[in-house]
1. Restricting to the range 96-109, name every residue that is farther than 22 Å from residue 228 by Cβ and not in a strand (DSSP E or B).
2. Considering only residues of the range 225-265 that are acidic (Asp, Glu) and at pLDDT 95 or above, which is most open to solvent (accessible area, probe 1.4 Å)?
3. Looking at (1) of a type outside the set (Gly, Ala, Ser); (2) more than 29 Å from residue 26 (Cα to Cα); (3) open to solvent by 40 Å² or more (accessible area, probe 1.4 Å), which is the one condition that is false for residue 207?
4. Could you grab the pairs with beta carbons closer than 7 Å, sequence gap of 6+ or different chains, first residue in the range 88-111 and touching a residue at least 40 places away in the same chain (Cβ under 8 Å), second one of a type in the set (S, T, N, Q) and open to solvent by 70 Å² or more (accessible area, probe 1.4 Å)?
5. Looking at (1) within 15 Å of the ligand (Cβ to nearest atom); (2) touching a His at 6+ places or on another chain (Cβ under 7 Å), which is the only condition residue 152 fails?
6. Residue check: is residue 126 in contact (Cβ under 8 Å) with a residue 12 or more places away in the chain and within 12 Å of the ligand (Cβ to nearest atom)?
7. If only one of 175, 212, 216, 164 is away from the ligand (no atom under 15 Å from the Cβ), crowded, with 17+ Cβ neighbours inside 10 Å and either farther than 22 Å from residue 12 by Cβ or in contact (Cβ under 8 Å) with a residue 24 or more places away in the chain (or both), which one is it?
8. I'm trying to understand the selection: among the residues of the range 128-146, which are open to solvent by 60 Å² or more (accessible area, probe 1.4 Å) and assigned to a helix (DSSP H, G or I)?
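The values are calculated or read from the model by the stated rules, or taken from the named source; none is laboratory data. Computed from a prediction, not measured in an experiment: that's the story for all the values here. Neighbour counts run over all protein chains shown; Cβ positions are idealised from the backbone, glycine included. The protein model used for the area step is the full one, side chains on, heavy atoms only, and it has no ligands, DNA or RNA in it. Shrake-Rupley method; radii C 1.70, N 1.55, O 1.52, S 1.80 Å.
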Amino acid sequence: MISVITGAGSGIGAAAALDLARKGYQLVLVGRDRDRLESTASRVRSATDSDVSVETADFTRFAEVRDLAARLRDNHDHIDVLANNAGVMVPDRRVTADGHELMIQVNHLSPFLLTNILLDRVGRVVTTSSRAAKAGKLEPDDLSRERRRWNGWLQYGDTKQANALMTVGLATRGAKATCFHPGVIKTTFAGGTVFMKLITLPGLHEPVEKAASRLAYLATSEDGERLAGTFFRDNRPDKVPAQMTDPDLAERLWTASAEAVGLDG
Ligand SMILES: NC(=O)c1ccc[n+]([C@@H]2O[C@H](COP(=O)([O-])OP(=O)(O)OC[C@H]3O[C@@H](n4cnc5c(N)ncnc54)[C@H](OP(=O)(O)O)[C@@H]3O)[C@@H](O)[C@H]2O)c1
């Protein structure tokens, strides 16, 4: 069994790598920084017999995501679990070289591209979304928030709502895809923002292993197949706003995303 985990050089992805390795998975760890990935790989190898490899790709560049997908296809006929976990929150508005707002590219468009290129080889897709998705007001024709008021957390919420709607779109196409809120976890995520400092004050956050176990639950449990299209919280389907399961919105997002990344809809 093999699992590809993005954002595996730190935080939830690194902890999930160890969890899945203990469950018998071979791993491909993906991130930007080879040293951080190798350090996760060493920790996993010293605790398990897992066969671990690392692949670097910067999700702010579609060309790097396409190269990553090509290497994964060259090396693996089948991927049991694709864990789309890499994600970022930045308060200021940044635009990538590909011309998209940074968070929508890293958190949604690049995982959308990677997932689509690998889809015929993937058993399950598990995407790390967030409870912030519930406050999202995603507009497929304004993914980069050019026509709406800028606020980093609002845009982050839209990108995490896109994770949920991509999951709905994948399930519609027969893929065994789920997504989840990992919990409030003290990692490097949203580093420096006042909001993150407040919600991770002592006693308010959970251990990173808890988030990892939630990812591993969807990767390995029957729910991860039976309840395709579902947003989970604490290993149970969560109550979400209608927008997050709207099949028409999911299709509009799919079409806009395919166009943005240069795939045929
Ligand atoms: N922490 C929380 O409380 C919380 C709550 C809800 C949702 N989440 C979600 O959980 C996921 C994991 O976050 P975390 O808390 O574990 O934070 P983290 O430690 O900062 O991990 C984020 C990961 O994303 C990767 N990443 C960021 N920008 C990238 C880029 N341009 N290209 C490729 N990879 C990139 C990083 O890889 P490198 O290290 O290689 O740069 C890093 O390993 C994210 O999707 C986040 O939105 C977190």
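1. Matches in the range 96-109: 96, 97, 98, 99, 100, 102, 103, 104, 105, 106.
2. Step one: list which residues in the range 225-265 are acidic (Asp, Glu), which gives 225, 234, 238, 246, 248, 251, 259, 264.
Filter once more, so that each one left must be at pLDDT 95 or above: 225, 234, 238, 246, 248, 251, 259.
Working: 225: 85, 234: 69, 238: 43, 246: 54, 248: 111, 251: 66, 259: 149 Å².
Once the filter is applied, the top-ranked residue is 259.
3. (2)
4. Within 7 Å, no pair qualifies.
5. Only one criterion is unmet by residue 152, namely (2).
6. Numbers: in contact (Cβ under 8 Å) with a residue 12 or more places away in the chain: yes; within 12 Å of the ligand (Cβ to nearest atom): yes.
Judged against the criteria, residue 126 is a match.
7. So the residue among 175, 212, 216, 164 that is away from the ligand (no atom under 15 Å from the Cβ), crowded, with 17+ Cβ neighbours inside 10 Å and either farther than 22 Å from residue 12 by Cβ or in contact (Cβ under 8 Å) with a residue 24 or more places away in the chain (or both) is 175.
8. Residues satisfying the conditions are 131, 134, 135, 141.
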